Amino acid sequence: MVVTSASATETVEAVFRIESARIIAGVARVVRDVGIAEELAQDALVAALEQWPESGVPEKPGAWLMATAKHRAIDLVRRKETYARKLAEVGRALEDVAPPPEPTGEDDIDDDLLRLIFTSCHPVLSTEARVALTLRLLGGLTTEEIARAFLAPEPTVAQRIVRAKRTLARAGVPFEVPGAADRAARLSSVLEVIYLVFNEGYSATAGDDLVRPALCEDALRLARVLAGLMPEEPEVHGLTALLELQSSRIAARTGPDGEPVLLADQDRRRWNRALILRGVESLRRAGTGPYSVQAAIAAYHARAVRYEDTDWTAIAALYGRLTALTPSPVVELNRAVAVSMAEGSAAGLRLVDALAEGPALKDYHLLPSVRGDLLERLGRGDEARAEFERAASLTRNARERALLLERAARSAPGPESPAPE
């Protein structure tokens, strides 16, 4: 079927967004260079933009992009003087674009995406560079989206990504899941990458959709794979538990037209009980690290049959523990919300006002959003309206902006809403 240029372009971009990580990972196994792999994946994207408006969208567009990128990788290898050695290394699988070889033992794993994460999280890179590069390659996030996830300037993140790819190439880092000893050393960065990819899917920083389920699914799948790969690591199970529990609520987070539904208003019958059970089971194997503590917080929400049944006192205490483990203004903002529910809005507002005095969250839209909510509950409608409008001006997500502007429009003085018992 021949399609219009505009619709073909939209299809190409949508498919590439979903498949880019797998394409880059598959090509990196051939060329052994993640920077070149990303360039070849982009070449396949350009080819699709040129050909699909004329030839029509293939029946399996993701497979088409993968095959195109891999064939270009083969051509590149052939042009190099080391082609014969490279061909001997990868064997005839290079010719027919076959899947990677089966794992050779229990210390190996057949997953190109996981190889891509561990390669991007190599110790030759700084922690910031590892996470930024893997978010770019695995999550398919733009530099702008990564910058917002880091709360960092976009040029800074762009430089990190470029330098990281160059460093990996110069160091000749192999495209592989490392052995058990090296694997443990890289684990914290890998967990952070999976966590941030999930967060971008769970609450998209930009675009027209509040939730990007494909990113959540990829992050959750990788967390499960990692838990199977490293079953003795408590924080792996902590992260897996957290993602299982958070994933259970995704269907209830948006309404019929994609509009956001706040936690207090969610239909808990739509929460996925199977994912909750899986999360609770993983939590039993978790430890006392930051992901495990966040999973425990999520479990308290999951156990509450109604919003009013939520144990906010326990959640506030867990946020206090999380603050001690990983001091962060974002964690402190979340603690302020829990304190407001456990002790009253005035107590939460004092914590938020202290955060507002510092520079760390000055462009973070959730700070004025939370402050607006607390002011509204305290009956300070005019001030709440201003905070919601400021939050709307800071967010890059269209759905979130619409909700914030709606809340600003209906803010009016009134009595404080009581905190749940």
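The values are calculated or read from the model by the stated rules, or taken from the named source; none is laboratory data. This structure is a prediction, so every number in the text was calculated from the model and none was measured. Note that each Cβ is placed from the backbone with ideal geometry, even for glycine, and that neighbours are counted across all protein chains shown. What goes into the accessible areas is simple: the full protein's heavy atoms, side chains included, and nothing from ligands, DNA or RNA. Shrake-Rupley method; radii C 1.70, N 1.55, O 1.52, S 1.80 Å.
On a 0 to 90 degree scale, rounded to 10, what angle separates helix 290-303 from the longest Cα axis of the chain?
So the helix axis and the longest Cα principal axis differ by about 60 degrees.
Over the chain, how many pairs of lysines fall under 27 Å by alpha carbon, counting only those 8 or more apart in sequence or from different chains? Write out the running numbers ahead of the final one.
Details: LYS60/LYS70; LYS70/LYS80; LYS70/LYS86; LYS70/LYS165; LYS80/LYS165; LYS86/LYS165.
Close lysine pairs found across the chain: 6.
Write down, largest first, the equivalent ellipsoid semi-axes of region 145-188 in whole Å, where each equals the square root of 5 times an eigenvalue of the alpha-carbon gyration tensor.
26, 16, 7
What is the diffusion coefficient of the chain in µm²/s, taking the Kirkwood radius over Cα pairs and the Stokes-Einstein relation at 20 °C with a viscosity of 1.002 mPa s?
In µm²/s, the coefficient rounds to 92.
Could you let me know the centre-to-centre spacing of region 331-407 and region 28-47, using Cα atoms, in angstrom?
Cα centres, region 331-407 to region 28-47: 43 Å.
Output the relative contact order of the chain, whole-number percent, from Cα pairs under 8 angstrom with separation of 6+ residues.
After rounding, I find 10 percent.
Would you mind giving the average projected area, over all directions, of the Cα convex hull of region 339-384 in nm² with one decimal?
Mean shadow area of the hull around the Cα atoms is 3.0 nm².
Hey, if we sort GLU144, GLU308, GLU50 by accessible area with the 1.4 Å probe, largest down, what's the order?
GLU50, GLU308, GLU144
Between helix 273-284 and the chain, what is the angle of the helix's C-alpha long axis to the longest principal axis, kept within 0 to 90° and rounded to the nearest 10?
That helix lies at roughly 90 degrees to the long axis.
Once ligands and nucleic acids are excluded and a 1.4 Å probe is used, how much of GLU176 is accessible, expressed in Å² to the nearest 10?
80 Å²
Just check region 122-234 against the gyration tensor rule for me: Cα atoms, a ≥ b ≥ c as the square roots of the eigenvalues, rounded for a/c under 1.5, and otherwise prolate or oblate depending on whether a/b exceeds b/c.
Since a/c reaches 1.5 but b/c is at least a/b, the shape of region 122-234 is classed as oblate.
Whole angstrom only: what separates the Cα centroid of region 251-302 from the Cα centroid of region 142-184?
First find each Cα centre; the distance between them is then 30 Å.
Leaving ligands, DNA and RNA out of it, work out the accessible area of LEU325 with a 1.4 Å probe and give it in Å² to the nearest 10.
Probe radius 1.4 Å; accessible area of LEU325 about 80 Å².
For MET230, MET66, give the ranking by accessible area with the largest first, probe 1.4 Å.
MET66, MET230
Would you work out the charge dipole size for the chain about its Cα centre, treating the Cβ of every Lys and Arg as +1 and the Cβ of every Asp and Glu as -1, and quote it to the nearest 20 debye?
520 debye
Kindly write out, for region 256-262 in residue order, the coupling ³J(HN,Hα) from the Karplus curve 6.51 cos²θ - 1.76 cosθ + 1.60 (θ = phi - 60°), rounded to whole Hz, with x marking Gly and Pro.
So the Karplus estimates, Gly and Pro as x, are x, 9, x, 6, x, 10, 5 Hz.
Would you work out if region 318-421 is rounded, prolate or oblate? Take a ≥ b ≥ c from the square roots of the eigenvalues of the alpha-carbon gyration tensor; rounded if a/c is under 1.5, else prolate when a/b is larger than b/c, oblate otherwise.
oblate
For region 205-297, build the convex hull from the C-alpha positions and give me its volume per residue in Å³.
101 Å³
Obtain the nm distance between the two label points defined at LEU262 and ALA347 by a simple spin-label model: each point lies 7 Å from its Cα along the Cα-to-C-beta direction.
Between LEU262 and ALA347, the label points sit 2.0 nm apart.
Residue by residue through region 350-361, which ³J(HN,Hα) values in whole Hz follow from phi under the Karplus form 6.51 cos²θ - 1.76 cosθ + 1.60 (θ = phi - 60°), with glycine and proline marked x?
Couplings: 4, 5, 5, 4, 5, 5, 5, 6, x, x, 4, 10 Hz.
How big is D for region 277-345, in µm² s⁻¹ as a whole number, if Stokes-Einstein is applied with the Kirkwood radius of its Cα pairs at 20 °C and 1.002 mPa s?
Translational diffusion coefficient: 173 µm²/s.
Solvent-accessible area of LYS362, probe 1.4 Å, all protein chains present, reported in Å² to the nearest ten, please.
It works out to around 110 Å².
Report, in deg cm²/dmol and to the nearest 500, the calculated mean residue ellipticity at 222 nm for the chain, where each DSSP H run with n ≥ 4 adds -39500 (n - 2.57) and the sum is divided by the residue count. Mind dumping the intermediate values first?
Details: 21 runs with 287 residues, N = 421.
Estimated from H runs of four or more residues: -22000 deg cm²/dmol.
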